[in-house]
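Input: a single structure, listed below in structure tokens.
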Amino acid sequence: MKVALLGDTHGNEEWIRHALEEFATAGLDTIIQVGDLGVWPGPAAGKMWNKIDELLARNGQTMYVAPGNHEDYDRIDRLEARDDGWLRFRHHILLAPRGHRTELGGRTLVWLGGAASVDRGWRRYLESMTGQKTWWHQEEITAADVEAAAAGGHADIMVAHEAPHGVPSIERQIAGNPGGFAREDLMYAHYVRRAFTDAFEAVRPGLLLHGHYHLPVDELVEFDGFRTRVFGLSLDGDPLSLGVLDLDTLEPGFLGGEL
Ligand SMILES: [Mn+2]
């Protein structure tokens, strides 16, 4: 069984439509999305997601999401859970609560969304000046989230927005501090990534799917006592944000080109 992989979409309607059509052409009806989906406040975003839901229905597709940091968590917190635990954002767009466990194509999966916004200070300032909320504290991965994700132990696949400490290409990007972010926000991000890493080390997945860094990654990384294929997807607008995963072989790849 093959499933589609989709990186951060940030509510980019044109790109999401493009991605869904690419997946349909490739015969993929199950889509794993790694957060920063674009769950945003306001009626315009709501209408946009209704239209995307219609397209998913037409294509016979369902999108499963590990929410990111740029999401309206007040809205997510109000969603009702289905009997199987999925939070129904739309009929064909399901969001995973932190630590959610599922099975797909004979594989076990654990879902852990959330990540730190490294520009948190700027977003809070913006809100204080304009009243427009663009940062939600629920983005943080809490001790309770770590416990929930760790509780079931090992899973074949971990679907997340974050990635753990110790992935060489991501460490290089962070060390460069390309955004010139505030030291306290960098420390906050470091701490949240540490929490994610604790959960990751408890799950010891063979494959990690993530977004957040907007950096395509495909690395086999040696951690303390286990190895994980770390597969990161780029963001909307970049063909390297579209991927495919063969669940029989656990082999991920980019749909839109080579790394
Ligand atoms: Mn993002």
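Annotation: of all residues in region 63-75 being closer than 22 Å to Leu235 by Cβ and away from the ligand (no atom under 16 Å from the Cβ), the one that is most open to solvent (accessible area, probe 1.4 Å) is Arg75. For region 240-254, the criterion of being open to solvent by 50 Å² or more (accessible area, probe 1.4 Å), part of a strand (DSSP E or B) and of a type in the set (D, E, K, R) is met by at least one residue. Filtering region 46-78 to residues that are in contact with a strand residue (DSSP E or B) (Cβ under 7 Å, 6 or more places away or on another chain), under 19 Å from Lys133 (Cα atoms) and part of a loop (DSSP other than H, G, I, E, B) leaves only Pro67.
Among the residues of region 157-196, those that are surrounded by fewer than 19 Cβ atoms within 10 Å (Cβ to Cβ) and under 19 Å from Gly225 (Cα atoms) comprise His165, Gly166, Pro168, Arg194.
The values are calculated or read from the model by the stated rules, or taken from the named source; none is laboratory data. Just so we're clear, the structure is a prediction, and the values are computed from it rather than from any experiment. As a convention, Cβ positions derive from the backbone with ideal geometry for all residues, glycine included, and neighbour counts pool all protein chains shown. Just the protein is used for accessible areas: all its heavy atoms, side chains included, with ligands, DNA and RNA removed. Shrake-Rupley method; radii C 1.70, N 1.55, O 1.52, S 1.80 Å.
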